[in-house]
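Q: Pasting in a structure now, in C-alpha coordinates, and then I'll have a few things to ask.
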Amino acid sequence: MIKTNSVLKPLFCSFLILFLSAGVLHAQEKTKVIGNKARNGSSNSTISVIKGNQLGIKMSAGNKPVELINLSFGVDNRSKESLKFKVNVYEFNGILSGENYVKKDIIGAIPTGKNRVSVDLEPFHIEVKKDLLVTIEWLETLSGPNPGFAIGVFNGGSYEFKEGKWKRVPVFGYDFNMLVKKLKK
(Lines give C-alpha, C1' and ligand atoms only; values in the text may rest on other atoms or scores of the structure.)
Protein backbone atom coordinates (compact mmCIF):
# COMPACT_ATOMS: atom_id res chain seq x y z
CA MET A 1 0.00 0.00 0.00
CA ILE A 2 1.26 3.47 -0.91
CA LYS A 3 1.08 6.11 1.77
CA THR A 4 0.34 9.63 0.60
CA ASN A 5 1.61 12.76 2.20
CA SER A 6 -1.10 15.00 3.64
CA VAL A 7 0.32 17.91 1.60
CA LEU A 8 0.04 16.00 -1.67
CA LYS A 9 -3.64 15.06 -1.23
CA PRO A 10 -5.00 18.63 -1.45
CA LEU A 11 -2.64 19.40 -4.31
CA PHE A 12 -3.76 16.30 -6.20
CA CYS A 13 -7.44 17.09 -5.54
CA SER A 14 -6.97 20.66 -6.78
CA PHE A 15 -5.27 19.39 -9.92
CA LEU A 16 -8.03 16.82 -10.50
CA ILE A 17 -10.78 19.45 -10.11
CA LEU A 18 -8.98 21.82 -12.49
CA PHE A 19 -8.43 19.02 -15.03
CA LEU A 20 -12.07 17.89 -14.93
CA SER A 21 -13.47 21.43 -15.15
CA ALA A 22 -11.27 22.15 -18.18
CA GLY A 23 -12.59 18.98 -19.81
CA VAL A 24 -16.20 20.01 -19.14
CA LEU A 25 -15.61 23.50 -20.56
CA HIS A 26 -13.95 22.05 -23.65
CA ALA A 27 -16.81 19.58 -24.14
CA GLN A 28 -19.28 22.48 -24.09
CA GLU A 29 -17.49 24.22 -26.97
CA LYS A 30 -18.72 22.09 -29.85
CA THR A 31 -17.26 22.76 -33.27
CA LYS A 32 -18.10 21.67 -36.79
CA VAL A 33 -16.76 22.22 -40.30
CA ILE A 34 -18.98 23.88 -42.89
CA GLY A 35 -18.39 24.42 -46.59
CA ASN A 36 -16.75 22.11 -49.11
CA LYS A 37 -14.50 19.14 -48.53
CA ALA A 38 -10.77 19.83 -48.38
CA ARG A 39 -9.12 18.42 -51.51
CA ASN A 40 -5.60 17.62 -52.59
CA GLY A 41 -4.78 16.73 -56.15
CA SER A 42 -4.81 18.07 -59.65
CA SER A 43 -8.40 19.35 -59.97
CA ASN A 44 -8.15 23.11 -59.83
CA SER A 45 -9.44 26.27 -61.37
CA THR A 46 -7.23 29.21 -62.21
CA ILE A 47 -8.39 32.73 -61.57
CA SER A 48 -6.90 36.13 -62.40
CA VAL A 49 -5.58 38.26 -59.55
CA ILE A 50 -7.29 41.62 -60.11
CA LYS A 51 -7.74 44.12 -57.29
CA GLY A 52 -11.32 44.11 -56.00
CA ASN A 53 -12.32 40.80 -57.61
CA GLN A 54 -13.64 38.14 -55.25
CA LEU A 55 -14.11 34.38 -55.32
CA GLY A 56 -15.89 32.14 -52.85
CA ILE A 57 -18.70 29.75 -52.06
CA LYS A 58 -22.03 29.62 -50.28
CA MET A 59 -21.92 27.92 -46.87
CA SER A 60 -24.72 27.02 -44.51
CA ALA A 61 -24.01 27.85 -40.86
CA GLY A 62 -27.35 26.43 -39.68
CA ASN A 63 -30.27 28.08 -37.89
CA LYS A 64 -28.49 28.58 -34.56
CA PRO A 65 -25.70 31.15 -34.11
CA VAL A 66 -22.08 30.07 -34.56
CA GLU A 67 -18.75 31.86 -34.24
CA LEU A 68 -16.31 31.66 -37.14
CA ILE A 69 -12.99 30.14 -36.02
CA ASN A 70 -10.91 29.36 -39.11
CA LEU A 71 -11.16 29.62 -42.91
CA SER A 72 -9.18 27.08 -44.95
CA PHE A 73 -8.65 26.48 -48.68
CA GLY A 74 -6.25 24.76 -51.06
CA VAL A 75 -4.35 26.76 -53.65
CA ASP A 76 -1.29 26.53 -55.90
CA ASN A 77 0.34 29.96 -56.13
CA ARG A 78 2.41 29.77 -59.30
CA SER A 79 3.74 33.33 -59.13
CA LYS A 80 7.04 34.41 -57.57
CA GLU A 81 5.40 36.50 -54.86
CA SER A 82 2.75 36.02 -52.20
CA LEU A 83 -0.81 37.02 -53.08
CA LYS A 84 -2.54 39.35 -50.60
CA PHE A 85 -6.25 38.99 -49.96
CA LYS A 86 -9.02 40.10 -47.63
CA VAL A 87 -11.67 37.77 -46.15
CA ASN A 88 -15.35 38.71 -46.57
CA VAL A 89 -18.34 36.92 -45.06
CA TYR A 90 -21.66 38.10 -46.47
CA GLU A 91 -25.23 37.40 -45.51
CA PHE A 92 -26.61 35.44 -48.46
CA ASN A 93 -30.23 35.47 -49.61
CA GLY A 94 -29.89 33.02 -52.50
CA ILE A 95 -29.25 35.50 -55.27
CA LEU A 96 -27.20 38.44 -54.00
CA SER A 97 -24.80 39.07 -51.17
CA GLY A 98 -26.08 41.17 -48.31
CA GLU A 99 -24.40 42.65 -45.25
CA ASN A 100 -20.70 41.90 -44.75
CA TYR A 101 -20.36 40.42 -41.26
CA VAL A 102 -16.63 41.26 -41.21
CA LYS A 103 -16.33 44.69 -39.57
CA LYS A 104 -12.52 44.86 -39.32
CA ASP A 105 -10.29 43.90 -42.28
CA ILE A 106 -8.98 40.33 -42.11
CA ILE A 107 -5.88 40.27 -44.32
CA GLY A 108 -4.07 37.13 -45.46
CA ALA A 109 -1.40 36.12 -47.95
CA ILE A 110 -0.99 33.04 -50.12
CA PRO A 111 2.68 31.99 -50.18
CA THR A 112 4.25 30.64 -53.36
CA GLY A 113 3.79 26.95 -54.15
CA LYS A 114 1.06 24.46 -53.23
CA ASN A 115 -0.55 25.36 -49.93
CA ARG A 116 -3.40 24.74 -47.60
CA VAL A 117 -4.06 28.33 -46.53
CA SER A 118 -5.54 28.83 -43.09
CA VAL A 119 -6.87 32.14 -41.75
CA ASP A 120 -7.53 32.54 -38.01
CA LEU A 121 -10.91 34.25 -37.62
CA GLU A 122 -11.38 33.70 -33.89
CA PRO A 123 -9.90 37.06 -32.76
CA PHE A 124 -12.58 38.87 -34.80
CA HIS A 125 -15.58 37.31 -32.95
CA ILE A 126 -17.78 37.01 -36.04
CA GLU A 127 -21.18 35.53 -35.14
CA VAL A 128 -23.41 34.31 -37.96
CA LYS A 129 -26.25 31.95 -38.79
CA LYS A 130 -28.06 30.67 -41.87
CA ASP A 131 -26.58 31.00 -45.39
CA LEU A 132 -23.31 32.84 -45.98
CA LEU A 133 -21.21 33.80 -48.95
CA VAL A 134 -17.57 33.39 -47.88
CA THR A 135 -15.05 35.02 -50.22
CA ILE A 136 -11.50 36.22 -50.57
CA GLU A 137 -10.96 39.58 -52.25
CA TRP A 138 -7.74 40.41 -54.06
CA LEU A 139 -5.96 43.48 -52.65
CA GLU A 140 -3.74 44.08 -55.68
CA THR A 141 -3.52 43.27 -59.37
CA LEU A 142 -0.72 40.93 -60.44
CA SER A 143 0.30 39.75 -63.87
CA GLY A 144 1.95 36.43 -64.52
CA PRO A 145 0.80 32.90 -63.74
CA ASN A 146 -2.63 32.73 -62.13
CA PRO A 147 -3.17 30.75 -58.93
CA GLY A 148 -4.99 27.42 -59.15
CA PHE A 149 -7.60 26.76 -56.47
CA ALA A 150 -8.57 23.22 -55.48
CA ILE A 151 -12.15 22.49 -56.58
CA GLY A 152 -14.86 19.90 -56.42
CA VAL A 153 -17.40 19.16 -59.12
CA PHE A 154 -21.19 19.34 -58.55
CA ASN A 155 -20.82 20.51 -54.95
CA GLY A 156 -22.95 23.63 -55.00
CA GLY A 157 -20.93 25.83 -57.32
CA SER A 158 -18.97 28.95 -56.60
CA TYR A 159 -19.38 32.70 -56.86
CA GLU A 160 -17.14 35.31 -58.43
CA PHE A 161 -17.30 39.09 -58.24
CA LYS A 162 -15.86 40.73 -61.36
CA GLU A 163 -16.43 44.12 -62.99
CA GLY A 164 -18.86 45.12 -60.25
CA LYS A 165 -21.18 42.09 -60.64
CA TRP A 166 -21.67 38.74 -58.89
CA LYS A 167 -21.69 35.66 -61.09
CA ARG A 168 -22.59 32.12 -60.06
CA VAL A 169 -20.41 29.37 -61.51
CA PRO A 170 -22.70 26.33 -61.17
CA VAL A 171 -20.54 23.28 -61.96
CA PHE A 172 -17.57 23.53 -59.64
CA GLY A 173 -16.97 24.90 -56.16
CA TYR A 174 -13.76 26.00 -54.52
CA ASP A 175 -12.75 23.81 -51.59
CA PHE A 176 -13.26 26.62 -49.05
CA ASN A 177 -14.30 25.36 -45.64
CA MET A 178 -14.63 26.86 -42.21
CA LEU A 179 -14.38 25.67 -38.65
CA VAL A 180 -17.17 27.15 -36.56
CA LYS A 181 -18.04 26.98 -32.87
CA LYS A 182 -21.66 26.52 -31.82
CA LEU A 183 -22.85 29.27 -29.48
CA LYS A 184 -25.32 28.96 -26.64
CA LYS A 185 -27.98 31.61 -27.21
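Q: Would you check which residues across segment 97-108 are free of Cβ contacts under 8 Å to residues at least 24 places away in the same chain and within 12 Å of the chain's Cα centre (by Cα) and list them?
A: Answer for segment 97-108, where residues must be free of Cβ contacts under 8 Å to residues at least 24 places away in the same chain and within 12 Å of the chain's Cα centre (by Cα): just I106.
Q: So which residues in segment 119-150 are part of a strand (DSSP E or B) and within 19 Å of S79 (Cα to Cα), if there are any at all?
A: Within segment 119-150, I136, E137, W138, G148, F149, A150 meet the criteria.
Q: While we're on this one: Name the single residue that is farthest from the chain's Cα centre (by Cα) among those in segment 113-127 being modelled with pLDDT of 95 or more and under 20 Å from Q54 (Cα atoms).
A: This residue is I126.
Q: Also, quick follow-up: Return a yes/no flag: does segment 76-96 have any residue that is assigned to a strand (DSSP E or B), small (G, A, S), in contact (Cβ under 8 Å) with a residue 12 or more places away in the chain and exposed (fewer than 13 other Cβ atoms within 10 Å of the Cβ).
A: No - not one qualifying residue is present in segment 76-96.
Q: Would you confirm whether or not segment 86-97 contains a residue that is small (G, A, S), under 16 Å from Y159 (Cα atoms) and out of contact with any helix residue (DSSP H, G or I) (no Cβ under 9 Å at 6 or more places or on another chain)?
A: yes
Q: When the residues of segment 48-75 are narrowed to those that are out of contact with any Pro (no Cβ under 6 Å at 6 or more places or on another chain) and of a type in the set (V, I, T), which ends up surrounded by the fewest Cβ atoms within 10 Å (Cβ to Cβ)?
A: I50
Q: Right, next: Could you look through segment 139-175, keep only residues that are of a type in the set (A, V, I, L, M, F, W, C) and without any contact (Cβ under 8 Å) to a residue 60 or more places away in the chain, and pick out the one that is surrounded by the fewest Cβ atoms within 10 Å (Cβ to Cβ)?
A: The extreme case among them is F154.
Q: From P111, P123, grab the single residue that is more than 19 Å from N44 (Cα to Cα), free of Cβ contacts under 8 Å to residues at least 40 places away in the same chain and surrounded by fewer than 15 Cβ atoms within 10 Å (Cβ to Cβ).
A: Only one candidate passes the filter, namely P123.
Q: Follow-up question, since we're still on this one. Can you tell me which residue among G98, G52 is of a type in the set (G, A, S) and at pLDDT 95 or above?
A: Exactly one residue qualifies, and that residue is G52.
Q: State yes or no: is E160 closer than 26 Å to K32 by Cβ, part of a strand (DSSP E or B) and not small (G, A, S)?
A: No; evaluated as a whole, the condition is false for this residue.
Q: Look at D105 and say whether it is among the charged types (D, E, K, R) and over 24 Å from V169 (Cα atoms).
A: Spelling it out, D105 is indeed among the charged types (D, E, K, R) and over 24 Å from V169 (Cα atoms).
The values are calculated or read from the model by the stated rules, or taken from the named source; none is laboratory data. All figures in this text were calculated on a predicted structure; none of them were measured in a lab. Backbone-built Cβ (ideal geometry, glycine too); neighbour counts: all protein chains shown.
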